[in-house]
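Novice: One structure coming up, written as structure tokens, with questions to follow.
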Amino acid sequence: RAFDNSGQTFWHTQYTDKKPAYPHELQIDLGGTYDIEGLRYLPRQDKDANGMVAKYEFYVSENATNFGTPVVTGTFADTRNETVARFTKKTGRYIRFVALSAISEGNLASVGELDVIGVAR
């Protein structure tokens, strides 16, 4: 639900019973190789703020087992608006988004929509 082109759905970590601690991550196979130079992050768009990501890391890789070092790290502002993070172009098929903390307290993470800025090779 974080990569479905709909801001009305969202991905969320487990929030009943056990609540796993940070970090939380999403790994996505883009289905082809891309030259990627940016990340678009849209927080959940409902009334809740649970799990809105604050600190994050983002990785691009040509394989699903070795992501190396992040291409960008940062802290998202407490806003429902889309945030764009640009970085030096990197070629890859797989992306990894790691949530390190949330805007609100707790161990939760959520993503309304995650997208990349790039072109297919």
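Novice: With a point put 7 Å past each Cα toward its Cβ, work out how far Gln27 is from Lys47 in nm, to one decimal.
Specialist: Distance between the two pseudo-spin positions: 3.8 nm.
Novice: Relative to the compact-globule scaling 2.2 N^0.38 Å, provide the ratio for the alpha-carbon radius of gyration of the chain.
Specialist: Taking N as the residue count of the chain, the ratio is 1.01.
Novice: Sticking with this one: Could you state the accessible area per residue of the chain in Å², with a 1.4 Å probe and every protein chain left in place?
Specialist: It amounts to 56 Å² per residue over the chain.
Novice: Do any trypsin sites (Lys or Arg not before Pro) in segment 43-108 lie in a DSSP loop with no more than 15 other beta carbon atoms within 10 Å, and if so, which?
Specialist: Passing sites in segment 43-108 are Lys47, Arg80.
Novice: Once both labels are modelled 7 Å past Cα along the beta-carbon direction, what's the Thr65-Lys89 spacing in nm?
Specialist: In this crude spin-label approximation the distance works out to 2.9 nm.
Novice: Run the dipole for the chain about the Cα centre, Lys and Arg Cβ at +1, Asp and Glu Cβ at -1, nothing else charged, and hand back the magnitude in debye, nearest 20.
Specialist: 140
Novice: Can you pull the semi-axes for segment 51-121, root of five times each eigenvalue of the Cα gyration tensor, sorted largest first, whole Å?
Specialist: Rounded to whole Å, the semi-axes are 23, 14, 10.
Novice: For segment 1-72, which GluC sites (Glu not before Pro) pass both filters: DSSP loop (anything but H, G, I, E, B) and at most 13 other C-beta atoms within 10 Å?
Specialist: Answer by residue number: Glu62.
The values are calculated or read from the model by the stated rules, or taken from the named source; none is laboratory data. None of the values given here were measured: they were computed from a predicted structure. As a convention, Cβ positions derive from the backbone with ideal geometry for all residues, glycine included, and neighbour counts pool all protein chains shown. The accessibility values were calculated without ligands, DNA or RNA, using every heavy atom of the protein model including side chains. Shrake-Rupley method; radii C 1.70, N 1.55, O 1.52, S 1.80 Å.
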